Amino acid sequence: YDEPELVAAIADAGQKFAGRFGELTLFAKKVAWLHGDDERLLKQTIASGAYDLVCSGHTHKQETRRVGRTLVLNPGALFRANPRTCAVVDLADLSVTVLKCE
């Protein structure tokens with residue numbers, strides 16, 4: 001909730017804050033990430049077909065699905081969730097391993 005403090009802490013760590021939406025290319029895969037609370041932006045990002053992987057959260061519920069060529073991933077959450085989950089993506093083949101974190 002305190003974005004200015006978060007931005008400052010990230011800068012102090014020598015990193016860059018992506019803001020509400022980020023994208024990058026890793027191992028020839030185009031990846032986008034966003035919180036997911038802006039449902040219009042999430043749907044637009046997925047429907048664009050511009051990304052190999054779209055990661056979001058917000059609901060705290062794990063979900064893995066495909067929309068066209070795009071893998072859509074919500075890894076779940078480690079806080080305020082039952083079960084607690086996170087996910088690992090192998091970018092070579094876009095396979096997902098969901099981990100239950102007790």
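Hey, how much of the P(r) for the range 1-55 falls beyond 15 Å, as a percent of Cα pairs? For the range 1-55, the share of Cα pairs beyond 15 Å comes to 55 percent. Within the straight-line cut-off of under 19 Å between alpha carbons, the aspartates and glutamates reachable from Lys16 are Asp2, Glu3, Glu5, sequence neighbours fewer than 8 places apart in one chain being disregarded. Among the chymotrypsin sites (Phe, Trp or Tyr not before Pro) found in the chain, those both in a DSSP coil and sparsely packed, with 14 or fewer other Cβ atoms within 10 Å of their Cβ, are Tyr1, Phe17, Phe27, Phe79. Please report the carbon-and-sulfur percent of the accessible area for the chain; probe 1.4 Å, protein heavy atoms only, DNA, RNA and ligands left out. Carbon with sulfur: 55 percent of the solvent-accessible area. Using r as the Cβ-Cβ distance of Gln15 and Leu99, and R0 as 25 Å, what FRET efficiency do you calculate, to the nearest 0.05? So the FRET efficiency works out to roughly 0.55.
Dividing the summed -39500 (n - 2.57) terms of all DSSP H runs of n ≥ 4 by the residue count of the chain sets its mean residue ellipticity at 222 nm at -5500 deg cm²/dmol. Computed over protein heavy atoms with a 1.4 Å probe, the accessible surface of the chain works out to 69 Å² per residue.
Cross-link partners for Lys100 among the lysines, with Cα-Cα distance under 23 Å and sequence neighbours closer than 8 places in the same chain left out: Lys61.
The phi-based Karplus calculation (6.51 cos²θ - 1.76 cosθ + 1.60; θ = phi - 60°) puts the 3J(HN,Hα) values of the range 84-99 at 7, 9, 9, 9, 10, 10, 8, 5, 4, 10, 6, 7, 10, 10, 8, 10 Hz, whole numbers, x for Gly and Pro. Considering only Thr25, Thr45, Thr64, the mean-square fluctuation computed in a Gaussian network model of the chain, springs between alpha carbons under 10 angstrom, is largest for Thr25.
Exposure here means at most 15 other Cβ atoms within 10 Å; with trypsin sites (Lys or Arg not before Pro) in a DSSP loop as sites, the longest stretch of the chain lacking them is 21-60. Given q = 0.22 Å⁻¹, what are the Debye log10 I(q)/I(0) values for the chain, with equal point scatterers placed on the Cα positions and solvent ignored? So the normalised log intensities work out to -1.25.
The values are calculated or read from the model by the stated rules, or taken from the named source; none is laboratory data. This is a predicted model, so every value here is computed, not measured. Because the Cβ atoms are built from the backbone with ideal geometry, glycine has one as well, and the counts that use them run over all protein chains shown. What goes into the accessible areas is simple: the full protein's heavy atoms, side chains included, and nothing from ligands, DNA or RNA. Shrake-Rupley method; radii C 1.70, N 1.55, O 1.52, S 1.80 Å.
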